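Q: Have a look at the structure that comes next, please.
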Amino acid sequence: MRILVLGGGGREHALAWKVAQSPGVSVFAAPGNPGIARIGTCIAVRDSVPETFLSVAEEIGADLTVAGPEVPLVAGVVDAFRARGRKIVGPDRAAAQLEGSKVFAKNFFIQRNIPTAGYAIADNPADARHAMDRFGFPVVLKADGLAAGKGVVVAHDRAEAEAALGALSGRLVVEEFLLGEEVSFIALCDGRDVLPLAPTQDHKAVFDGDAGPNTGGMGAYSDSAILTEAQSREILDRVIYPTVEATRFTGFLYAGMMMTASGPKVLEFNVRMGDPETQPLVHRMASDFVPALLAAAEGRLASAKLEWRTGPSVCVVLASGGYPGGYETGRPITGIESAEALGATVFHAGTRTGARGLETAGGRVLGVTAGADNLEDAISRAYRAAAEIHFEGMHSRTDIGRKGLERYNKNIVGT
Ligand code: AMP
Ligand code: GLY
């Protein structure tokens, strides 16, 4: 079977790595990256528009396509594939609006009675200031359209809010600040049935202790203990099922949740797998992913199952100096083999092959992923491996998974 993965980041390398382990599968990626090139065939594309991806799928005779990033989904890649009878995992253009527009998503939550943070829509700075006065500080400002994880500012005071108003353009959602533990809840959907993946926790802020501006994600871990059975059930019943029912959602529905004192509330919807959440997720997945992906594309997810290893997996992102602001590329990368010799899997997020070998090509460069029987060991394994890797300006958080660890320790002390 030929499986085509659309995209070329860490999430897509992780997806390709997992499906390549399925018997009888050949993996293709458009455009892919040097990590994927080690396990499959990468096809260069001139742009990311639906027609380009469709012609790649037709050229190689893809039996199944999995869309990684949101941009082609919002542009209607699933509609284009289905119109030609090609199997693809992802939502159609209409459902992709749940990620493509924060205003659309917020209105949807209210109509469907899906728990979310209080908000106001502001068409100009005066409206935004008015809403800020209503919510008080901290307050959250969100740009309406796609922003690669960087269109959200948590402003702690008026000066930060004014700076954000200057930086974010167009329509804004002004939102009540919620306190709690963040969880990425991702479910595979076929328009009717739902197969939840294991819960993950992302680390969005650039610095340790959640300080500094938001990034696409500086690291993530997956562990079944992140949510209790009852919490997962509540998210499924109050968020995922109502959405699938209302939109006939197909593909990966990613609910960014805040577990507040008054129950789980949605911060955002994404219409694809998370990046870096996918890296620890597929690393922990014990079953073959392909039957579930195929079942989702064929509308028979009710019969699909996924098994997970008991122990957690942790992914530490190594980023370019300056990211999430401006950064330089073309820095030579060393040490990946030594990191892998220590038992980690290194996913490529922003790399390319230059004249002197592998070099940096993006903000998030690599995702060093490792698993163990317990979270503490998985964290040390990932960091020990990451210490083998070097490129000029490299930076990473040193506390990926630490909050989870503190929570478990507290629970153990408390019982
Ligand atoms: P979003 O893209 O909407 O998920 O926002 C990015 C990040 O900003 C989230 O992962 C949270 O860490 C933070 N955030 C967003 N909305 C809120 C909120 N209402 N309260 C607190 N933090 C938030
Ligand atoms: N890591 C957050 C996201 O994929 O949107």
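Q: If you split all Cα-Cα distances of the stretch 48-168 into 10 Å bins from zero, what percentages do you get per bin, shortest first?
A: 12, 34, 25, 18, 10, 2
Q: Any chance you could get the radius of gyration and Dmax over the Cα atoms of the stretch 317-397, in Å?
A: Considering the stretch 317-397 through its Cα atoms, Rg and Dmax are 12.6, 41 Å.
Q: Another question, if that's okay. Below 26 Å, Cα to Cα, which lysines can residue 265 reach? Residues fewer than 8 away in the same chain don't count.
A: 102, 106, 142, 150, 204, 403, 410
Q: In terms of the Cα gyration tensor, with a ≥ b ≥ c the square roots of its eigenvalues, is the stretch 197-265 rounded because a/c is under 1.5, prolate because a/b exceeds b/c, or oblate?
A: Cα axes put the stretch 197-265 in the prolate bin.
Q: Thinking of the stretch 1-52 as a set of Cα atoms, what percent of all their pairs are more than 19 Å apart?
A: 19
Q: Rolling a 1.4 Å sphere over the protein heavy atoms, what is the accessible area per residue of the chain, to the nearest Å²?
A: I get 40 Å² per residue for this part.
Q: What percent do you get for the relative contact order of the chain when only Cα pairs under 8 Å and 6+ apart count?
A: Relative contact order of the chain: 16 percent.
Q: Rg and Dmax in Å for the stretch 252-325, alpha carbons only: what are they?
A: Rg then Dmax for the stretch 252-325, in Å: 15.7, 46.
Q: Which value in Å does the Kirkwood hydrodynamic radius of the stretch 215-347 take, with 1/r averaged over all unlike C-alpha pairs and then inverted?
A: 17.5
Q: What 222 nm value per residue comes from the helices of the chain, counting each DSSP H run with n ≥ 4 as -39,500 (n - 2.57) and dividing by all residues, nearest 500 deg cm²/dmol?
A: -9000 deg cm²/dmol, from helical runs alone.
Q: Under the rule a/c < 1.5 gives rounded, and otherwise a/b versus b/c splits prolate from oblate, where does the chain land using the Cα gyration tensor?
A: rounded
Q: Which whole-number percent is the relative contact order of the stretch 249-290 (Cα, under 8 Å, 6+ apart)?
A: For the stretch 249-290, the relative contact order is 33 percent.
Q: Considering just Cα atoms, how many Å³ per residue does the convex hull of the stretch 147-212 enclose?
A: Convex hull of Cα atoms, per residue: 154 Å³.
Q: Leaving ligands, DNA and RNA out of it, report the carbon-plus-sulfur percent of the accessible area of the stretch 210-298 at a 1.4 Å probe.
A: 50
Q: Show 70, 340, 406 ordered by accessible area, largest first, where the area counts protein heavy atoms only and the probe is 1.4 Å.
A: Descending order: 406, 340, 70.
Q: Related question: May I ask you to list the lysines whose Cα is less than 20 Å away from that of residue 18, ignoring any residue fewer than eight positions away on the same chain?
A: Candidates past the 8-residue exclusion: 87, 305.
Q: Same structure, new question: Using only the Cα atoms of the stretch 275-365, what are the Rg and Dmax in Å?
A: 17.1, 49
Q: Averaged over all directions, how much area does the convex hull of the C-alpha atoms of the stretch 80-124 cover when projected, in nm²?
A: Hull-based average projected area comes out at 4.6 nm².
Q: What does the charge dipole of the stretch 190-275 about its Cα centre add up to, to the nearest 20 debye, if the Cβ of each Lys and Arg holds +1 and the Cβ of each Asp and Glu holds -1?
A: Roughly 240 debye for the stretch 190-275.
Q: Kindly give Rg over Rh for the stretch 108-227, based on alpha-carbon atoms, with the Kirkwood expression for the hydrodynamic radius.
A: Radius of gyration relative to Kirkwood radius: 1.00.
Q: Taking N as the number of residues in the stretch 247-288, what is its Cα Rg relative to 2.2 N^0.38 Å?
A: 1.41
Q: Would you mind calculating the relative contact order of the stretch 256-407 from Cα pairs under 8 angstrom and at least 6 residues apart, reporting the percent as a whole number?
A: The value is 25 percent.
Q: Moving on to the next point. Compute the Rg to Rh ratio over the stretch 1-106 from the alpha carbon atoms, using the Kirkwood formula for Rh, and round to two decimal places.
A: Reported Rg/Rh, Kirkwood definition of Rh: 0.98.
The values are calculated or read from the model by the stated rules, or taken from the named source; none is laboratory data. Note that the structure is a prediction, hence the values are computed from the model and not measured. When we count neighbours, we look across all protein chains shown, and the Cβ atoms used for this are built from the backbone with ideal geometry, even at glycine. All accessible areas refer to the heavy atoms of the entire protein, side chains included, with ligands and DNA or RNA removed. Shrake-Rupley method; radii C 1.70, N 1.55, O 1.52, S 1.80 Å.
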